[in-house]
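No lab work stands behind these numbers, since they all come straight from the coordinates. Note that the structure is predicted; figures quoted are calculated from it, not measured. Cβ coordinates were reconstructed from backbone atoms using ideal geometry, including for glycine residues, and neighbour counts include every protein chain displayed.
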Amino acid sequence: MVVDEFDVAVIGGGHAGIEAALASARMGMRTVMFTLNVDTIGQMSCNPAIGGIAKGIVVREVDALGGEMGRAIDHTGIQFKMLNTRKGKAVQSPRAQADKRRYREYMKRVCEHQENLYIKQEEVVDIIVSSRNEVVGLRTKLGIEFRVKAVVVTTGTFLNGLIHIGDRTFPAGRAWEPRSEDLADFYRRMDFPLLRFKTGTPARLDARTIDFSSLEVAPGDDPPPKFSFWTEPVGSYWFERGKEQAVCWITYTTEETHRIIRENLHRTALYSGRIKGVGPRYCPSIEDKVCRFPDRKRHTVFLEPEGLDTVEIYPNGLSTSLPEEIQWEMYRSIPGLERVELIRPAYAIEYDIVPPTELFPTLETKRIRGLFHAGNFNGTTGYEEAAGQGILAGINAALRASGREPIHLRRSESYIGVMVDDLTTRGVMEPYRLFTSRSEYRLYLRQDNAVLRLAKIGHGLGLLSDEQFKLVREVEEELERWKEFYRKEKVVVPLGGGERSYSVATLFTAGYSMDDLKSMGLKTPDQPYVREEVEIQLKYEPYVERERKLNEKLRKLEEVRIPEDIDYDRVPGLTNEAREKLKRVRPLTVGQAGRIEGVTPAAVTALLVYLGKLE
Ligand SMILES: Cc1cc2nc3c(=O)[nH]c(=O)nc-3n(C[C@H](O)[C@H](O)[C@H](O)COP(=O)(O)OP(=O)(O)OC[C@H]3O[C@@H](n4cnc5c(N)ncnc54)[C@H](O)[C@@H]3O)c2cc1C
């Protein structure tokens, strides 16, 4: 029974689904979002934070394309930080603790008020495909049919989700929420391969039972760095109310913690063999860390508040699938947590994904026209990775539904492009997470210039208003004026007892800052963004150029042969992951090595240096 028609349907109201649905609706498509529970739209399934290394850059890219994640965290964040400030600008990235409930409510409100977007709390059980292999509709559990031109599937951890706590196992999509099952039959019928991945989350602790007095405090930055180019920091909930930023705390596991884990390993779902799915290498459970690094005496644990008016604390670094009673013992062996009470136990979850090699770089499936996949369902982990894919899939679903050409984002212009290219060409053997080392353009793909790289695309698609784009153009023009001025302006600087005249622009590369220029009596920009960006761009110009030339050279070196007896343990600069995978695959050429999932551009460079082909 067909009851309604839409241009685009999005299955899922998580981080991928939200960006997909908003993008499609904002591009003028009549869009419907299906979710298993309307009240969990924008739910943060795991840690109460947005951003982090490389991930924060993706949030800025989503913002530059007209997405919502950056604005949502600016409004509902309770602690903001710029990570890696001691390192170069290229690897810096913003991260913020979120008030989980307010983040979810903000996202639900935005979706509810979005023109062209309709929300339905229904389980989608089937996608209807024409004899020409094109999406024409979908069916819900109650037997209602909707006619649609394109579908974006973003089922996260819900498809055939199975929760494990010690030897207890039960079906669920996330923390006791119902899972979705029938959609997997559609994929089987259409001959899509399905893989099983797993992830885990720590217990949530009761703050009233933690002794914070002896713990190290991790404060936010002052002033707090915001994510969105367009929101004002005054939008932040805590700021509006004159509240201080929240603090986090740092503690460490002990030898006693490690003993409890080792003695009960056979009772964890993972080590007892009950879990078959592959877990995330870079968000390992505490039992993984204890086994992988037997010599480490302690592991760091961040205690992060889940919000301003809840006592729930997220112990970052302590995800586990130990039985609940052992979890109590294990958590209580940690300084500050001696008397801790658990509010929700830790658990691991297994779920179905479709390998992303089934997709074009537009995120449309190769088998069925009009069917798009995004988020955890593509084998990634993380809210930001999900949002980055979500906005791209939503854009392309809208373009497909309106008969226009799809877009794809290049590796050289965005981290979203790097991620989508990695996923669709190399596939995933384990949950994929973004790192700066995954990009060969990391000096150029910075958080500070995301808006300059991508706003043109967002505006061209109608996702950024003329007013928003005008602001970007004005900033760009001012940037160019200042760069030109500094290239022409000369200063005399003392050198080796004498003096030499330099263009001001070159001083930035030599380490001078805007403040240094000001104290030398030179004119400097007033607008804070322009002031910072001129300095970064002029400082990085020669390095970005060098990076571009190196990438050209690397492409030419793809045919270099790797000796069959190479000992990868002797190649300096490889990560454990790259070393492990190179040993397993034993590629014959550098080009082949670079196409192995997990062998990053940085690893390829290390290999070429070892082979004497690069200095
Ligand atoms: C236990 C656990 C541990 C995690 N650990 C990590 C971690 O270590 N690191 C990390 O970065 N991230 C982790 N995450 C976060 C999370 O999995 C994702 O990164 C993120 O939420 C992915 O967003 P998504 O939009 O793809 O899916 P989700 O946020 O999971 O959203 C899925 C949506 O699909 C809907 N849905 C599913 N099936 C149907 C259907 N048939 N019909 C209608 N609606 C449907 C659901 O209602 C939901 O709205 C963890 C999550 C869980 C549950």
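Observations on the model:
- Cα centroids of region 294-348 and region 56-112: 25 Å apart.
- Ranked by how many other beta carbons lie within 10 Å on average, peptides 215-226, 71-82 from highest: 71-82, 215-226
- Cross-link pairs exceeding 27 Å between alpha carbons, from the set LYS276/LYS583; LYS87/LYS490; LYS55/LYS539; LYS289/LYS613; LYS226/LYS518: LYS87/LYS490; LYS289/LYS613.
- Footprinting exposure proxy for TYR106, TYR415 (fewest neighbouring C-beta atoms within 10 Å first): TYR106, TYR415
- Percent of C-alpha pairs per 5 Å bin, region 1-126, short to long: 2, 11, 20, 21, 17, 12, 8, 5, 3, 1, 0, 0, 0
- Net +/- balance of residues flanking LYS141 in space, Cβ distance below 11 Å, scoring K and R +1, D and E -1: -4
- When each of the peptides 51-58, 469-476, 384-391, 193-200 is scored by the mean number of other C-beta atoms lying within 10 Å of its residues, the order from highest to lowest reads 384-391, 51-58, 193-200, 469-476.
- Sorted peptide list for 522-531, 418-427, 562-571, criterion being average Cβ within 10 angstrom, highest first: 418-427, 522-531, 562-571
- Approximate shape of region 560-610 as ellipsoid semi-axes (Cα gyration tensor, √5λ), whole Å, largest first: 13, 12, 11
- For region 466-543, pairs of C-alpha atoms spaced more than 15 angstrom apart make up 57 percent of the total.
- Spatial separation of Cα centroids for region 461-495 and region 365-415, in angstrom: 31
- Kyte-Doolittle mean at least -1.0, axial Cα span of 15 Å or more - DSSP H helices of the chain: 15-26, 383-401, 415-426, 450-460
- Dipole magnitude of the chain about its Cα centre (Cβ charges: Lys, Arg +1; Asp, Glu -1), debye to nearest 20: 1400
- Put simply, the amide H of PHE227, placed in the peptide plane, has neighbours under 5 Å in ASP74, leaving out anything fewer than 5 places away on its chain.
- Cross-link reach list, aspartates and glutamates versus LYS100, counting only Cα pairs under 12 Å and skipping chain neighbours closer than eight places: GLU304, GLU306, ASP309, GLU312
- In terms of its Cα atoms, the chain spans 80, 64, 62 Å along the principal axes, sorted from long to short.
- Listed residues PRO356, ILE119, LEU342: farthest to the positive end of the dipole of region 1-464 (Cβ charges): PRO356
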